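Remarks on the structure that follows.
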Amino acid sequence: MAQNDVRERISATEAAEELETTHLRVLMLIKEGALDGIQQGEEWFITRNSLDCFRTHGSNAQTQIKCRTACGGNCGNH
């Protein structure tokens, strides 16, 4: 996770609420690479950019990775 992403992160619980899914599903999405997460203590956090890319591109991790690295979330699709 890039340094500037630290300010733009939300907890896995908050991400689950936004995605209308479970906390466990968010953790699985992190493990699958569909969401960019970092663990601090016992809590997981997801970058806002990663969540936005997931919403736009669904669970296609390869498309999300390209989006997050190429446009940084600034492609106008988020």
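Assorted remarks:
- For Arg9, distant residues with modelled amide H under 5 Å away: Arg48
- Taking amide H positions as modeled 1.01 Å from N, with prolines and chain starts lacking one, the residues under 5 Å from Leu35 and 5 or more places away or on another chain are Ile30.
- Point-to-point label distance, Gln40-Thr13, nm (Cα→Cβ direction, 7 Å offset): 1.5
- When peptides 9-15, 48-54, 28-34 are ranked by their average number of other Cβ atoms within 10 Å per residue, the highest-first order is 48-54, 9-15, 28-34.
Only the coordinates and a few stated rules stand behind these numbers; no lab work does. As the structure is a prediction and not an experimental result, all values here were calculated from the model. Backbone-built Cβ (ideal geometry, glycine too); neighbour counts: all protein chains shown.
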